[in-house]
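Below: the structure, in structure tokens.
The values are calculated or read from the model by the stated rules, or taken from the named source; none is laboratory data. Computed from a predicted structure; not experimentally measured. Here Cβ is always computed from backbone atoms with ideal geometry, including for glycine, and neighbour counts include all displayed protein chains.
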Amino acid sequence: MSSMQPFRVPCSASAKKDSGTLEKLTHSTDSNKDTPGKKQGKTANTKPDRAVVKSNKSAKSLTGSVGDPSGTTTTHSTTTAAGSLPSIPPLSSFSFGPFRGSIVTPFLNNHITDDTINSPDEEHHYCYRHNPKVRCNKAADEIKMTEIQKKLEKLPRADQEAISHVWSIFSAAPNQQRSLILQGLLTMCCFPQLSLISQEVSKLIRIDFIETLPNELALKVLCYLDCQSLCSAAQVSVKWKQMADDDRVWRHMCEQHIDRKCPQCGWGLPLMAVKKLRETPSRKRKIEDVDGIGSASSTSGAISELKTEDSLHIPPPLEECRAITEQSRQAKKQRRTRPWKAVYSERYKVERNWRKGVYKIRKFEGHSDGVLCCQYDNNNLLMTGSYDKTIKIWNVDTGKLLRTLTGHTRGVRTLAFDDQKLISGGLDGTIKVWNYRTGQCISTYTGHSEGVISVDFHDKLIVSGSADSTVKVWHVDTRTCYTLRGHTDWVTSVKIHTKSRTLFTASDDATVRLWDLRTNKCLKVFGGVENNGHIGQIQCVIPFTVKDKLITDVQEHTVPEAETHDTHENHDAEDDCNCNDKLLDIACLPTHMLTASLDNTIKLWDVHTGKCIRTQFGHIEGVWSIAADTFRIVSGAHDRTIKVWDLQTGQCMHTFGGHVSPISCVALGDSRIVCGLENGEVKMYCFDC
């Protein structure tokens, strides 16, 4: 019995915590004397030696009495002074001969036999550590076992045998007896031993919750981690990788970050919804021979030939048909299914490049004069208009010029396009509608007395702003045109807000006007010193709705009452708007708008209050153009720089220089910035490199 083989004992889930530990430990020998051992319903003869039990029962609490091989009783006196610990004799002074034969052997035989003959299919209640279904943390701690072995070898052989007996008894004991032994040992431990126990137990009670919890709960826990923590969790084990790479977790990550900023980590990923799967083949039917369709003879000949081929055709075997069907099914499934982790990873790389300023520059050369406007479809088409009276269409991926549209007699100042048509406005005072796929000019609208500075459209509604200080609304289906008057200088920017059916117009008179397209009336005028408005010509306006909280200026601009009164008297147009009452009747009105001006600033406005709530400084010369999305603002200015701003905070993230002429226009995509220069150059900053 000096060396026992290791074995596993099932743990009882119904074990109760014992009270009165010392009392139960003292009388445990008496209870075991009268209780026969059970072995699968059979009674085993496990009665201990009555003389030894009687000798143990008569021993006093502070006296160690153990029978020796000769049968005599050896008593060790342990009386000490008051307040001092009793002196415990060494283990080598005890004799374990009769004790081992009469108590240890039956105890071990009883419980070891019970464990070994139990069927593996029999229902047991295992604890976490001994559960055979738990595959992690099963390897022995080599360092700890080596340390124990070295310490054990330093002891005398009798002490080694005694310690081995203690380990054997505890290993063979069921749950209730184990708890009883531990409770008794804890009551005898001093603080150094308790500290050691606490240190060792803290390492052993760690539980792999991913392995233990049901998959649904484990996935729910993993959904609270960020991207970096999920990637680290996938490296823990095979089980953790399986759970951390689950599509449900990464779908939740995509919903939490794509096209919106996460409130926990502050990261937001670009939408990139327009990106097409170019590896998907086209399903359009190809017509190889169109001329033969009109001839009856050729049609009948083709039919007869088809019948002949069908009659001679032998179908493939059934096994081949099944294999072909399975291959096509797998190919379709592979084509349609894309892991959410790959979707997140692609967008995360782009956003990381945005934040770090990692990009590549592409140049498009072809204009012979300054570029006045550019439009990018966020996919693979780029359109530019120039002083050279032409519109050029570029393939972004290849950098090749696809088509050049000519028709304007003066420079092309503004562009707007969708999947079907392109609308251009020129300094010649005309508006042209193009089929840019064929290069054909469909129609031309004339009505402005001076050049057209800006255009926008929605469905069959076209809006234009001109240097004649007017805004015209063209209804294509009814062939009617309405003129909106109110601005006193060039109308430099027009933007239709489709959800609310409203129109925002910016002008060189340093004001922005809000119009109702249903009634063609002005609802509100934004500007003036009392509202902290622009003091220079406004070149661009962008209305938008944001749900996240925007950081605004701490100090608000205030104006004396007398000055405010004089300012209102100088603007008679504001009295006709009755803005505060009419804005309440408009549904889905945008919450904010951005404006750029030649006073070198970009301003953020609250649409409902009409106040400027934030001013962004940084450009040292006038800002000609801005573009914005859910996360950032891009501005191009006369100081020959492009700046990228954080929409939520208003802080400047990057400044891109190196241009030899002023920036006249900018366009923004999910992963790219396009800018046009007054020297005719067109540049694209690609952050998806």
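Annotations
- Residue in region 414-427 that is surrounded by fewer than 20 Cβ atoms within 10 Å (Cβ to Cβ), more than 38 Å from the chain's Cα centre (by Cα) and assigned to a loop (DSSP other than H, G, I, E, B) present: no
- Within region 611-630, the residues that satisfy the criterion of being touching a residue at least 24 places away in the same chain (Cβ under 8 Å), surrounded by fewer than 22 Cβ atoms within 10 Å (Cβ to Cβ) and outside any strand (DSSP E or B) are GLY618, GLU621, GLY622, ASP629, THR630.
- Condition broken by ILE207, with the remaining ones in (1) assigned to a loop (DSSP other than H, G, I, E, B); (2) within 30 Å of ARG347 (Cβ to Cβ); (3) β-branched (Val, Ile, Thr) satisfied: (2)
- Test result for VAL455, crowded, with 21+ Cβ neighbours inside 10 Å, within 28 Å of THR404 (Cα to Cα) and touching an Asp or Glu at 6+ places or on another chain (Cβ under 9 Å): no
- Check on VAL201, under 30 Å from LYS241 (Cα atoms) and in a helix (DSSP H, G or I): yes
- Those residues of region 394-410 which are buried (at least 20 other Cβ atoms within 10 Å of the Cβ) and touching a residue at least 40 places away in the same chain (Cβ under 8 Å), in sequence order: TRP394, VAL396
- Residues of region 652-670 classified as surrounded by fewer than 22 Cβ atoms within 10 Å (Cβ to Cβ) and closer than 23 Å to PRO590 by Cβ, total: 1
- Members of region 209-224 found to be at pLDDT below 90, crowded, with 17+ Cβ neighbours inside 10 Å and within 23 Å of the chain's Cα centre (by Cα), listed by number: ILE210
- Close Cβ contacts (under 6 Å, 6 or more residues apart or on different chains) running from residues in region 644-662 that are within 30 Å of ASP548 (Cβ to Cβ) and in contact (Cβ under 8 Å) with a residue 24 or more places away in the chain to residues that are assigned to a loop (DSSP other than H, G, I, E, B) and hydrophobic (A, V, I, L, M, F, W, C) comprise LEU647/PHE631; GLN648/LEU550; THR649/ILE551.
- Residue count for region 240-253, restricted to those that are crowded, with 16+ Cβ neighbours inside 10 Å and in contact (Cβ under 8 Å) with a residue 24 or more places away in the chain: 9.
- The residues listed here are ARG260, ARG206; of these, the one that is of a type in the set (Lys, Arg) and surrounded by 15 or more Cβ atoms within 10 Å (Cβ to Cβ) is ARG260.
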